[in-house]
Amino acid sequence: MNDIQLPPIDYAALLPMLIVFGLACVGILAEAFVPRKHRFAVQATLTLAALIAGLVTVIINRDLEVTTIGGAVTIDGAGLFLQGIILVLGIVAFGLIAERRLERGGAFVANAAHAADSDGDKKQLNEAGATEIFPLTLFAIAGMMLFCVSGDLLTMFVALEVFSLPLYLMCGLARRRRLLSQESALKYFLLGAFASAFFLYGVALIYGYAGSVQLVAIKQSVLDSDKSGVLLAAGLALLAIGLLFKAAAVPFHVWTPDVYQGAPTPITALMAACVKAAAFGGLLRVFNVAFETTSWDWRPVITAVAMATMIVGSILAVTQTDIKRLLAYSSIANAGYLLVGVVSLGGAVGSSMFYLVAYGFSVLAAFGMVTLVRDADGEATHLSRWAGLGKGSPLFSAMFTIIMLGFAGIPLTSGFSSKFALFSSAWDANQSALVIVGVLSSVVLAFPYLKVVVLLWLNPPGDETPTVSVPGYLTRAVVGVGVLATIVLGVAPSWLLDMVNSAGTFLAK
Amino acid sequence: MTPEYYLVLAAVLFTIGAVGVLIRRNAIVVFMCVELMLNAANLTLVTFARINGSLDGQIMAFFVMVVAAAEVVVGLAIIMSIFRSRRSASVDDANLLKY
C-alpha cells in the first residue's frame, strides 16, 4: 500500500494565499491569548501586514505560470491579477473595517451572543467592538484569492465556502440595528447555502460526464467524449446558478438589496468590491477554460441573464429610497455589465478586470461616505435625510458627486473609461445586442445617481438633516483613495489598461 | 445492482431538498433541506466514482462532508442568534428588510 504519492507542491506560487491563511490562523490565536486592551492594535496590525505581504508576494510572482498540487491550483497571469485586485481592494476596505473614531468602539457589536435589545445588549452599546472581525476578514479574502485560481471545481467549491462562511457571520455583527443585521445574515446564509448546493450538484453531474473535475480535463472531454450532452448541460446550468448567485445576477439577485442594507456598512463595502471581483474571477475562469468550446450551448442563456440583470438592476435602482439599497441595485446592474465581459470570452477578460478595479474603488468610496452621514441612531441611510447636505458639508457632497458621476459613466471618470473598454471589447466579439442594451440601461441608471446629486445640492435641508461626521484618518484615506482612483482611472486609464492586457489570460493547459 | 438507480435516488433526494427549502417555514428545517441537497450531491459523486471506476468522486464526498460540517456550525450560530432576539425561527417572521 505504498502507491499513494504526494503531488508536487509549488510553495512559492502558493505563498500569497499561505501568508493570508496563515496569519488568519495566527489572528485566531491572538484572539485567545492577547489581553483585551491590546487586542485591537495587534489584530489590526496583523491583518494589514497579511494583506500587504500577500500583495507583495503576488507582485513578485507576477510572471509565474504554473499548475500545482495535482491541478488543484492554477497560477496564471489573469489569476494573479485578480488576486492582486482582491488584495488591493481588501486593504482599502480594511480601512473601513478598522475605523473606530466615527462611533465609539467601531461599527461592530461587542458580543454578538447577547440577544438584540436585551439588557446585556443595551449595556454593551458603548463597549469596544469585537476583534474577531479581523481574522474573519482575512479568511474571507484568502478564500476569494483561492477561488480565482482554482484549477478544479472541487477546490472552487471549497474556496466558495471558505469565503462565504465568514461573510455570513460578518453580516450579522452590526453594532446598531441588530435585528436588521441578523436578518440579513439569515437571508444571506440560507440562500447562499441553497445556491452552493446547486453548485455542488452541478459539479457532481459534470464529474459524471467528464470523469474529472479539473477545468482542463473537462475541456478535453467536451472535445473527445461521445456521451450524451444532457449531463454536461444540466451540470453546467446548476454550476452557473451557484456562480451567478454570488455575482448577484438576475434572477439570483433577490438577496442583494436586503443583505447590503442590513449588513454593517464596512462589510457591505467589502462584499460590493472584493466578492464581486472574486465571483467574476471564478465565472471568467470557468467559462474561458472549461466551457469555451461549448459556448454555443450556454451563450444564449448567459446573454439573456446579462440583459435581464442590466435592465432589472437599473430600473429598480430608480425606485429606491435608501442609499444602501440604491447602491445594491446599482451593483446588480454592474454585475450585468460584467456578464457582458463573460459572454464575450477571451478578448474581454482584460477589460472585465479593468472594470472590476474601477468599480471596486468607486464603490468602496461610496460606502465609506455612507458611514459618515449620521444622526443619534447611527447611519442615516434614507435618501430624504440626505436632502440639502451640500449646504452644510460642501466637501463631502462634492466628493459624493464625483463618485455618483463616475457610476453614471460621465467622461473623465473611471466609470466612463471602464464601460468604454468593456463595451468596445464586447463589440469586437460581435456582442452588439448586449452592448446596445448595456448602453441604454446605463442611461436609465444615470437617473438615480443624478437624483442623489440633485438632492444633495439643490433641495432645501429638512428639519432633521443629519450631520456629516468628521472622518477618522482611516475613513479619510479610504474615501480619498476611492475618489482619486475614480478620477485618475478616468483621466489617464492607459497604464492600467496596458497592465491588464499584459497580465495575459487564463492558463488552459 | 445497476448503479444508475442511485443516480435516480439522488436526483429525487435533491428535488425533495430543493422543494423543502422553498416551502418550509422553520429556518432549521430549511437548513436541513439544504443538507439533504448536499448529501444528494454526495451520493451522485460516489455513484459516478463507481461508474467511472475512479476514486476521485469518493474523495470529493469527504471534502463535501467537511464543508457541510463547517456550514452547520455557522448556520446554527446565525439561526440561534436570530431565535434569541425574536423568539421565533420562522423565516416568514424575518421581514424587516424590504423594498
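Restricting the first member to region A:198-216 and to residues that are within 8 Å of another protein chain (Cβ to nearest Cβ) and surrounded by 24 or more Cβ atoms within 10 Å (Cβ to Cβ), and the second to residues that are of a type in the set (Asp, Glu) and outside any helix (DSSP H, G or I), the beta-carbon pairs closer than 7 Å and six or more apart or on different chains are A:Val213/A:Asp152. Being more than 19 Å from A:Thr155 (Cα to Cα), within 7 Å of chain A (Cβ to nearest Cβ) and either in contact with a Cys (Cβ under 8 Å, 6 or more places away or on another chain) or in contact (Cβ under 8 Å) with a residue 40 or more places away in the chain (or both) is a property that holds for B:Ala27.
Yes/no per residue for (1) buried (at least 24 other Cβ atoms within 10 Å of the Cβ); (2) touching a Cys at 6+ places or on another chain (Cβ under 8 Å); (3) more than 15 Å from A:Leu173 (Cβ to Cβ):
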{"residue": "A:Thr74", "(1), (2), (3)": "yes, no, yes"}
{"residue": "A:Val88", "(1), (2), (3)": "no, no, yes"}
{"residue": "A:Arg101", "(1), (2), (3)": "no, no, yes"}
{"residue": "A:Ala113", "(1), (2), (3)": "no, no, no"}
{"residue": "A:Asp121", "(1), (2), (3)": "no, no, no"}
{"residue": "A:Leu125", "(1), (2), (3)": "no, no, no"}
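Taken over region A:249-271, the criterion of being under 24 Å from A:Gly105 (Cβ atoms) and assigned to a helix (DSSP H, G or I) is satisfied by A:Val259, A:Tyr260, A:Gln261, A:Gly262, A:Thr265, A:Pro266, A:Ile267, A:Thr268, A:Ala269, A:Leu270, A:Met271.
One residue stands out among those in region B:40-79 that are of a type in the set (Phe, Trp, Tyr) and buried (at least 16 other Cβ atoms within 10 Å of the Cβ): the one that is nearest to A:Asp3 (Cα to Cα), which is B:Phe63.
Among the residues of region A:133-151, the one identified as within 13 Å of the chain's Cα centre (by Cα) and polar (S, T, N, Q) is A:Thr137.
Cβ-Cβ distances below 8 Å connect the following pairs, each with a first residue in region A:48-69 that is closer than 15 Å to A:Gly504 by Cα, a second residue that is surrounded by fewer than 17 Cβ atoms within 10 Å (Cβ to Cβ), and a separation of six or more residues or different chains: A:Asn61/A:Ala12; A:Leu64/A:Ala12; A:Val66/A:Asp10.
Of the residues making up region A:29-45, those that are surrounded by 15 or more Cβ atoms within 10 Å (Cβ to Cβ) and in a helix (DSSP H, G or I) are A:Ala30, A:Glu31, A:Arg39, A:Phe40, A:Val42, A:Gln43, A:Ala44. Whether any residue in region A:491-503 is buried (at least 22 other Cβ atoms within 10 Å of the Cβ) and not in a loop (DSSP other than H, G, I, E, B) is what I want to check. Within region A:491-503 (the criterion being buried (at least 22 other Cβ atoms within 10 Å of the Cβ) and not in a loop (DSSP other than H, G, I, E, B)), the answer is yes, since at least one residue qualifies.
Report yes if some residue within region A:440-458 is over 26 Å from A:Leu96 (Cα atoms) and in contact with a Phe, Trp or Tyr (Cβ under 6 Å, 6 or more places away or on another chain); otherwise report no. Scanning region A:440-458, I find no residue that is over 26 Å from A:Leu96 (Cα atoms) and in contact with a Phe, Trp or Tyr (Cβ under 6 Å, 6 or more places away or on another chain), so the answer is no. Filtering A:Leu239, A:Leu223, A:Leu180 for residues that are among the hydrophobic types (A, V, I, L, M, F, W, C) and either within 9 Å of chain B (Cβ to nearest Cβ) or under 16 Å from the mean Cα position of the chain (by Cα) (or both) leaves a single hit, A:Leu180.
Out of the residues in region B:1-26 that are in contact with a Ser or Thr (Cβ under 7 Å, 6 or more places away or on another chain) and part of a helix (DSSP H, G or I), state the one that is farthest from A:Ala234 (Cα to Cα). Outline the logic, then answer.
Step one: filter region B:1-26 for residues in contact with a Ser or Thr (Cβ under 7 Å, 6 or more places away or on another chain), giving B:3, B:6-7, B:10, B:25-26.
Filter once more, keeping what is part of a helix (DSSP H, G or I): B:6-7, B:10.
Values: B:Tyr6: 17, B:Leu7: 14, B:Ala10: 14 Å.
Among those residues, the one meeting the criterion is B:Tyr6.
Just to be sure, is A:Leu284 within 14 Å of chain B (Cβ to nearest Cβ), assigned to a helix (DSSP H, G or I), touching a helix residue (DSSP H, G or I) at 6+ places or on another chain (Cβ under 7 Å) and crowded, with 23+ Cβ neighbours inside 10 Å? So A:Leu284 does not fit the description; no. Which of the residues spanning region B:54-99 are at pLDDT below 90, more than 9 Å from chain A (Cβ to nearest Cβ) and under 30 Å from A:Ser225 (Cα atoms)? B:Leu55, the sole residue that qualifies.
The values are calculated or read from the model by the stated rules, or taken from the named source; none is laboratory data. Remember, predicted model here, so these are calculated numbers, not experimental data. Reconstructed Cβ throughout: ideal geometry from the backbone, glycine too, with neighbour counts over all protein chains shown.
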